[in-house]
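S.K.: Let me give you the structure first, and then I'll get to my questions.
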Amino acid sequence: MKRCFSSYVSKGKRLMKNKQLMAELEKSMDDKVEKARLMEGFLGYIICSTQEAVVLPPFVAFAVRPHPGIWEFVKVHSEDLSVEGITSSEYLKFKETIFDETWANDENALEVDFGAFDIATPQLALPSSIGSGLQFMTRFLASKIHDHSESMKPLLDYLLALNHRGQNLLINGTLNTVNKLQTALLLAEDFVSDLPKSTPFPKFEHRFLEWGLEKGWGDTAERVKDSIHCLSEVLQAPDPLNMEKLFGFIPCIFNIVIFSPHGYFGQADVLGLPDTGGQVVYILDQVKAFEEELLLRIKQQGLNIKPQILVLTRLIPEAQGTKCNQEREPILNTNHSFILRVPFKTTEDRVLKQWRYAKDAAAKIIDHMEGIPDLIIGNYTDGNLVASLMASKLGVTQATIAHALEKTKYEDSDIKWKELDPKYHFSCQFTADILAMNTTDFIITSTYQEIAGSKDRVGQYESHYAFSLPGLCRFVTGINVFNPKFNIASPGADQSIYFPYTQTQKRLTSFHPEIEELLYSKEDNDQHLGYLADRNKPIIFSMARLDTVKNITGLVEWYGKNQRLRELVNLVVVAGFFDPSKSKDREEISEIKKMHSLIGKYQMKGQIRWIAAQTDRVRNGELYRCIADSKGAFVQPALYEAFGLTVIEAMNCGLPTFATNQGGPAEIIVDGVSGFHINPNNGDESSNKIVDFFEKCMADSSYWNKMSTAALQRIYECYTWKIYANKVLNMGSTYTFWRQLNKEQKHAKERYLQMLYNLQFRNLARMVPMAGMAGIAGEQAQ
Ligand code: UDP
Ligand code: LCN
């Protein structure tokens, strides 16, 4: 160990990642038995569990991550090997010393610690529970209002405050004590028990009013009785099951605002434009799911209320032929949901006024909804920041979403922010992210890995736990992933578009001639390149934006190199377009060139079909199914994928799917059961796994069907919009109650956040050059 530590410090001060630490540890030990013993020892354990270390001779400071979400900081003296625990602040100072020594030694450097405000907030303890915030919160709330009737008062206040446009719901002001409420519930339950189950609520509404009970309990006597009984149980002795049920039927959310200001947000002709990938698909599908669920709940609550959902985005005057210059647009396949576009306005000297967008948007929303919303949801940095400003100002419950955060995309993006700022404005972006994460009442994520990563990979949110922007701010606690505000609610795919290939009655056969042309015609044109000589072979299919990270060129190369695979199947990819001179994106240009060169290098003509980006989702649905008809498979080879909508679209169509083990897809698919994981960093292993599957299918014709059915089963159990909408609406009502219960602490934290926003963020935003406005919107998402 001494040899190892002396090699660590021999090169002077530096930052070392786990791989380097392990490599030097290996080099310092030649005896195998000794090595095994040392690895099991305390220092061996520290090194193995370390994400990164700071070498400041004679010390080495370690950021140890023994489990997802759990961080410990220690420093080791390289000569006597003494170990001492240090705080996150001390560790960050060590790290800063490498990049900005003056700042690291400045006693007045700005340190922000949001952990200081979380003393009264219950925290999860088990890494495996991270992301199950709602479940935990329900249990916590049940215990919090458990002991005596005085502790029930916040629940009573919450119920008394329920209303829609001034009309009381569930109870009115006459039931102003817990005892009075309990008595009324008892009388009402007795009364409804004697009625036929299907008696509609209006038939006995007048009796309820006599007892101080209002609308909202249910549409029939049976449902009303059930709801009343549930509340009585909670008031008698709260338990998590009844609490969960209670927050599932309480009528508290009718109007939702969703912010997604960046990029081109539209319903047609936008897929493929900067920043318009899965994000737009996700929001439009989410709106439809919310509306359906709200309508169902409202009906079951016995109410006659129209829900309203607004997606707030930016109005783009030069809309490039899209509808992004229209102020209001109804959302297709919904009855009460709209896109509302508000421009980014500047003052005469062309400076974007702080608050201006949030203020303009608030006025439009209130005008459209004729009141304030019940829930505000932000998306990505800018959307989450505006949502935070507005939710704090209006006192409304807030949620944030950001399936892909920027910080983990670039190594050391925090500590090296000064280098990257001219291009990416990370100082501004990370500060905004931290403000939003701490302001919001709950955070909706798509998978566990998004929050807390995996055993070896740090989660996207987790990377905001302790970090430093030297010269600017040291976040000693940015956000803690054990906070119960974190929730996993995975998206689904629109099942009216992505349905199984076996549902022959629903199949969109009118698209078949076009799809036939797209897949099999022999001539090249601006829609497709290359051809498939043997159309009897199954097709392996992929579809993605032509970004480096999507690794479509990786898949093409794996295929090119694997003769066995080439003999068994054809390859079809939908990605980007063919003429590099038509792209403005450096990455895309290089990927286009790489595609051409790979097709030439491996002489793949006759086996590969490259199709240009496709914007018609409905036809794409049928395309997935036609691939299933060929008894093919979908392959998602990304180097990293936050969630991966194409994976669940393919699975919804009954297409066996191979997807990257880096990111969300690793959770969506259970390897070997509902699909397969592939390692994007090991092409040979991945392409052989695909061949093995097709060989097995040839030997056993039922195997393909088995995998297809298992993919569908996985989707129906875990990845539908119905499950999503139900979960998120329950979060809305539960966290609204928690906001009320936690009022004082939330208020104190809000004041601290306001200070950071005003004194720090606004100055940073002011420094972003005006000409880059479109650039910021364009570069930060996805
Ligand atoms: N998509 C499309 N045409 C294309 C490429 C992608 O319609 O040429 C759709 C795809 O079906 C999916 C979305 O765009 O709905 C991509 O979402 P995903 O989560 O896979 O990746 P993202 O683009 O968001 O990184
Ligand atoms: C952003 C991504 O990077 C994808 O992985 C997701 O599927 C998409 O958003 C929708 O959430």
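Bear in mind that the values in this text are calculations on the coordinates, not laboratory data. Worth saying up front: this structure is predicted, and the values here are computed from it rather than measured. Heads up, the Cβs are rebuilt from the backbone with ideal geometry, glycines too, and the neighbour counts pull from every protein chain shown.
S.K.: Among the GluC sites (Glu not before Pro) within the range 377-461, which fall in a DSSP loop and have no more than 15 other Cβ atoms within 10 Å of their own Cβ?
M.R.: Here the GluC sites (Glu not before Pro) that fit, given the DSSP loop and packing criteria, are Glu411.
S.K.: In the chain, what % of DSSP beta bridges are antiparallel (nearest 5)?
M.R.: 40
S.K.: Number of Lys pairs in the range 207-363 with C-alpha atoms less than 14 angstrom apart, excluding same-chain neighbours closer than eight positions?
M.R.: Number of lysine pairs found: 5.
S.K.: Next question, about the same structure. Which helices count as membrane-span-like in the chain under these terms: full DSSP H, at least 27 Å along the axis by C-alpha, Kyte-Doolittle mean of -1.0 or more?
M.R.: 278-300, 721-741
S.K.: If you take every residue apart from Tyr602 with its C-beta less than 13 Å away from the C-beta of Tyr602, what net charge results, scoring Lys and Arg +1 and Asp and Glu -1?
M.R.: +4
S.K.: Still on this structure, I have one more. Which percent of Cα pairs goes in each bin when the distances of the range 43-156 are cut into 10 angstrom slices starting at zero?
M.R.: 11, 29, 26, 18, 11, 4, 0
S.K.: Let me ask something else about it. Less than 15 Å Cβ to Cβ from Leu555, Lys/Arg counted +1 and Asp/Glu -1: what total charge do the surrounding residues give?
M.R.: +2
S.K.: Considering the Cα trace of the range 417-506, what is its radius of gyration and what is Dmax, both in angstroms?
M.R.: Just the Cα atoms of the range 417-506 yield Rg and Dmax of 18.4, 64 Å.
S.K.: Summing Lys, Arg as +1 and Asp, Glu as -1, what charge do residues with Cβ under 14 Å from the Cβ of Cys230 carry, Cys230 excluded?
M.R.: Residues near Cys230 contribute -3 overall.
S.K.: Taking neighbour Cβ counts within 10 Å as the exposure measure, how do Met39, Met137, Met651, Met152 sort from fewest upward?
M.R.: Least crowded to most crowded, the residues run Met39, Met152, Met137, Met651.
S.K.: If I take the Cα coordinates of the range 219-264 and project them onto the principal axes, what are the three extents in Å, biggest first?
M.R.: Sorted largest first, the three principal extents are 50, 25, 12 Å.
S.K.: Counting each DSSP H run of 4 or more residues in the chain as -39500 (n - 2.57), what helix-only mean residue ellipticity at 222 nm follows after dividing by all residues, to the nearest 500 deg cm²/dmol?
M.R.: The helix contribution divided over the chain gives -13500 deg cm²/dmol.
S.K.: Let me ask something else about it. Using the per-residue mean of other Cβ atoms lying within 10 Å as a proxy for protection, in what order, highest first, do the peptides 492-505, 427-440, 533-546 fall?
M.R.: The densest-packed peptide leads the list: 427-440, 533-546, 492-505.
S.K.: Which one, Gln607, Ala642, Asn487, is farthest towards the positive end of the dipole of the chain when Lys and Arg carry +1 and Asp and Glu -1 on their Cβ?
M.R.: Checked the options; the winner is Gln607.
S.K.: Then there is this: State the answer as a single residue: which of Leu56, Trp71, Trp103 lies farthest towards the positive end of the charge dipole of the range 50-136, with beta carbon charges of +1 for Lys and Arg and -1 for Asp and Glu, about the Cα centre.
M.R.: Checked the options; the winner is Trp71.
S.K.: Translational diffusion coefficient of the range 130-211 at 4 °C, 1.567 mPa s, Stokes-Einstein with Kirkwood Rh over Cα pairs, in µm²/s as a whole number.
M.R.: 87
S.K.: If we count other beta carbons within 10 Å of each Cβ, what is the order of Met707, Met16, fewest first?
M.R.: Result, fewest neighbours first: Met16, Met707.
S.K.: Quick check: convex hull of the Cα atoms in the range 472-611, volume per residue, rounded to a whole Å³?
M.R.: 219
S.K.: Using just the alpha carbons, could you tell me how many Å³ per residue the convex hull of the range 1-67 encloses?
M.R.: Spread over its residues, the Cα hull of the range 1-67 gives 75 Å³ apiece.
S.K.: Let me ask another. What is the packing order of peptides 122-131, 203-212, taking the mean over residues of other C-beta atoms within 10 Å and listing the highest first?
M.R.: 122-131, 203-212
S.K.: A follow-up question, please. Expressed as a whole number of Å, what is the distance separating the alpha-carbon centroids of the range 87-132 and the range 553-613?
M.R.: What the calculation gives is 45 Å, centre to centre.
S.K.: Please report, in debye to the nearest 20, how large the charge dipole of the chain is about its Cα centre when each Lys and Arg carries +1 at its beta carbon and each Asp and Glu carries -1 there.
M.R.: Roughly 600 debye, rounded to the nearest 20.
S.K.: Could you tell me which of Pro580, Asn179, Ser446 has its Cα farthest along the dipole of the chain towards the positive end, charges placed at Cβ (Lys, Arg +1; Asp, Glu -1), taken about the Cα centre?
M.R.: Checking the options against the dipole of the chain, the answer is Pro580.
S.K.: Follow-up question, since we're still on this one. So for the range 482-523, what percent of the C-alpha to C-alpha distances run longer than 16 Å?
M.R.: That fraction is 63 percent.
S.K.: For the range 3-60 and the range 365-402, compute the distance between their C-alpha centroids and round to whole Å.
M.R.: Here the two parts' Cα centres lie 48 Å apart.
S.K.: Can I ask one more? Write down, largest first, the equivalent ellipsoid semi-axes of the chain in whole Å, where each equals the square root of 5 times an eigenvalue of the alpha-carbon gyration tensor.
M.R.: 43, 37, 27
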